[in-house]
1. How much of the calculated P(r) for segment B:48-172 lies past 17 Å, in percent of all Cα pairs?
2. Have a look at segment A:65-165 and give its Rg and Dmax from the Cα atoms, expressed in angstrom.
3. For the charge dipole of segment B:5-365, defined by +1 on Lys and Arg C-beta atoms and -1 on Asp and Glu C-beta atoms about the Cα centroid, which residue among B:Ser217, B:Leu199, B:Pro133 has the Cα displaced farthest towards the positive pole?
4. Which percent, to the nearest 5, of DSSP beta bridges fully inside chain B are antiparallel?
5. Just need log10 I(q)/I(0) for segment A:334-396 at q = 0.12, 0.15, 0.16, 0.28 Å⁻¹, Debye formula, equal scatterers on the alpha-carbon atoms, no solvent, rounded to two decimals.
6. Between A:Arg127 and A:Leu389, how high is the FRET efficiency from 1/(1 + (r/R0)^6) when r is the Cβ-Cβ distance and R₀ = 22 Å? Nearest 0.05.
7. Helix-derived [θ] at 222 nm for the protein assembly as shown: sum -39500 (n - 2.57) over DSSP H runs of at least 4, divide by residue count, nearest 500?
8. Residues of segment B:243-259 losing 50 Å² or more of accessible surface, assembly versus chain alone, probe 1.4 Å, please list them.
Amino acid sequence: MSSYKIDIPPTALSTLKSRLENAVFPDELEDSGWAYGAPLADIKRLVARWRDGFDWRHEEQKLNAELPQFTRDIEVDGFGTLNIHYVHKKSERGLGIPLLFVHGWPGSFLESRKIVPLLTAGSGDARLPVFDVVALSLPGFGFSEGPKKTGFSFTQYAEVSHKLMLALGYTEYVTQGGDWGASITKEIARRYGGEHSKAWHINLILAGPPATQDPSSYTAIEKDGLARFQEYKRSGNGYYRIQATKPQTLGYSLADSPVGLLAWIYEKLVIWTDAYPWTDDEVLTWVSIYWFSRAGPAASLRIYYEVEHAGQEVGSTNFHIPTIPLGFSHFPKELGRIPKSWYHLVGNVVFEVEHDSGGHFAAHEKPELLVGDLQKMFGKSGPAFGVVLGRNGYDG
Amino acid sequence: MSVELPFQISIPDSKLDLLRQKLALTEFPDELENTGWNYEEAKLNQDLPQFTKDIDVNGFETLNIHYVHQKSSLANAIPLLFVHGWPGSFIEVRKILPLLVQSSPQFPAFHVVALSLPGFGFSEGAHKPGFAPEQYAEVAHNLMLSLGYHEYVTQGGDWGYLITRIIAHKYGGKHSKAWHTNFPLATPLNFSVNPILFLQHLFTPYTAAEKAGIERSKRFEKEGQGYFHEQSTKPQTLGYSLADSPVGLLAWIYEKLATWTDSYPWTDDEVLTWVTIFYFSRAGPAASIRIYYEFIHSANGSQPSSFEPTIPLGVSHFPEELRITPRKFVHSVGNLVFQVEHSTGGHFAAYECPDELVDDLREMFGKQGPAFGVVPGKNGYEQRIRANL
């Protein structure tokens with residue numbers, strides 16, 4: 001294990017600048033807004049900022065100051081050793097509940113940035129539990145190595161995550177995940193639940209449909225959630241279809257063109273969030289992590305292919321349902337959600353919150369709400385209080 | 001009356017320099033840096049007589065259209081419009097052109113027009129949303145009229161199939177007299193629409209070729225349609241990559257050139273010429289993919305039953321085409337009068353199997369063929385000189 005500081009080499013920074021200087025832009029249809037994808041004015045403005053004003057070193061320093069980071073070799077059955085990058089911050093008081101935070105695509109460890117201080121804070125209401133937070137860069141993302149062979153799917157992502165927790169001395173822990181993090185933490189709950197993973201919380205719940213349905217019983221929120229998912233499949237999952245079938249073909253573009261990568265990710269940052277007021281530098285920091293990632297941006301797409309070819313695509317029903325307690329927070333601008341009557345396809349929901357704002361990147365958009373939910377779920381009167389023996393988030 | 005101007009491809013050195021600069025920043029072998037474009041450009045200009053002309057489109061703007069036009073030495077050759085698709089271009093006419101314009105007592109000759117679709121090659125692209133396949137059809141039809149071809153026939157694959165189907169529906173009878181396609185996209189038969197065909201299909205076992213074709217189609221649907229989904233929903237997002245990265249554009253297109261063909265022995269220079277046309281296209285590579293979006297979003301576009309042409313239809317089946325539909329379905333595509341099965345060849349038929357495709361057209365429109373003489377006064381043969389008795 002070694003302590004880690006993000007330190008992008010100067011040659012990488014100057015190569016990026018050269019490519020941005022040589023940028024060639026497409027035209028755009030008149031008055032097309034967001035209908036055809038990320039608007040040209042936005043991308044041009046972001047590219048100009050990235051090229052001229054954006055100060056990566058400053059952002060890098062801030063990240064290193066805020067998030068204690070490390071790397072560690074983790075052995076993965078059949079795949080050898082992968083060097084994994086992760087954030088690890090212990091609670092500032094008491095015995096923090098070990099919490100593993102798992103990101104998705106196009107996310108990264110960066111999504112833990114706002115919730116880490118809230119989850120670990122020593123000050124604040126002593127009636128609320130505190131956590132030790134581990135937020136890994138999934139293999140192929142951020143500053144973790146990527147797998148070199150095909151077949152690295154949920155089993156392997158879960159294995160890496162679990163082994164990391166064990167290596168940190170957390171034989172019992174809980175998890176939080178959205179996007180791929182929801183699926184990966186489900187796999188953790190299936191494989192390691194009970195003995196190691198004690199409870200899990202997600203902000204994306206998709207599965208089914210079940211064998212029998214009663215659409216007349218669905219509430220307005222449930223109908224809306226299903227409709228949103230149908231719409232996503234109709235008009236919003238082009239990226240998914242190409243990433244799940246030809247990630248390499250797409251990868252050439254994302255590896256070679258920072259403009260192409262920026263547009264590819266920025267589109268999701270905007271359309272998947274609930275009017276989140278992104279600043280340009282926020283977007284550029286997010287995308288720079290992809291551009292400067294250890295395995296390169298093409299590697300991050302492969303999870304879609306591997307999951308698809310293992311028959312585990314999003315929304316598919318996995319027949320071994322985990323039994324450990326599950327909490328779910330619903331944010332209305334999420335890509336979709338399933339009705340309560342389908343929850344049994346996902347897990348044992350003991351805790352549920354409906355919010356009236358927020359979208360897909362809950363930890364980034366609504367950190368206080370998400371943390372509040374976790375504090376309730378694991379707090380003294382919560383349904384998952386004390387699930388981790390000896391570390392209940394309070395003193396002694 | 002818009003003026004036809006001769007056209008020569010002539011990419012400025014500054015653009016070539018920028019491309020070289022971009023390629024130099026990648027870690028690719030040196031042979032990709034020197035595309036020999038000037039040589040390829042000169043060959044194209046030599047092989048393909050090209051022109052540009054302004055074409056009006058109802059409800060949209062006037063677009064400057066680039067096209068290949070070669071007349072046969074035979075005056076009453078059959079006017080034929082060739083329509084490409086994506087990721088194709090006017091280059092797909094390159095090999096069939098010299099064969100089609102040939103005059104012989106054995107087979108008919110053609111005058112050939114092969115346009116660059118709006119947004120492709122050296123044609124202007126539409127600037128406003130909503131420019132759907134019907135508009136592409138209108139451009140092609142208006143081009144033929146402007147060249148004095150009030151009656152003509154068509155050949156098309158990929159988007160060329162849909163566009164020539166629309167032409168056959170909207171302008172068929174009066175203007176388009178017959179159409180031929182190598183990409184007969186047919187939807188499953190419906191008993192209420194085609195009861196006899198439906199029953200025939202139900203009770204006729206599939207041939208080995210049909211079974212293989214159905215498997216191929218399923219694989220394509222499962223593994224090969226990612227590009228379609230992205231291009232038909234977020235073409236602008238993808239467009240930034242295709243415009244900015246020649247490597248990205250190359251990979252995006254090369255994958256199709258390799259997987260959609262029947263072991264076609266592409267040379268590197270062949271691939272690079274094909275892709276460079278996209279890279280240096282007048283509207284930029286991002287424009288070419290908008291047709292997918294407009295198709296999905298247009299009122300009629302994605303409904304095959306909106307277009308029901310009655311003029312004679314000829315179909316050539318190539319086994320490595322993307323979608324193979326059972327033969328009975330093909331009858332629902334149009335008024336099928338001619339059908340040929342080949343044992344080799346894929347999606348880019350005119351480029352992979354030029355001889356076979358031209359033979360099919362010669363047979364369909366030839367003296368013994370079902371579409372002989374569809375264009376009055378232009379049957380593709382030497383007029384018999386009446387002996388003065």
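1. Numbers: 4130 of 7750 pairs.
The share of Cα pairs beyond 17 Å in segment B:48-172 comes to 53 percent.
2. Over segment A:65-165's Cα set, Rg and Dmax evaluate to 14.5, 48 Å.
3. Positive-end residue among those listed: B:Leu199.
4. On the way: 13 of 38 bridges.
The answer is about 35 percent antiparallel.
5. Each listed q maps to, in turn, -0.40, -0.61, -0.68, -1.19.
6. Details: r = 21 Å, r/R0 = 0.96.
The value I calculate is 0.55.
7. Values: 30 runs with 304 residues, N = 785.
Calculated from helices alone, the mean residue ellipticity at 222 nm is -11500 deg cm²/dmol.
8. With the partner chains in place, segment B:243-259 has these residues losing at least 50 Å²: B:Asp244, B:Trp252, B:Glu255.
The values are calculated or read from the model by the stated rules, or taken from the named source; none is laboratory data. Not measured: the values here are computed from a predicted model. Note that we place each Cβ from the backbone using ideal geometry, even for glycine, and neighbour counts take in every protein chain shown. Please note that ligands, DNA and RNA were not included when accessible areas were found on the heavy atoms of the full protein model with its side chains. Shrake-Rupley method; radii C 1.70, N 1.55, O 1.52, S 1.80 Å.
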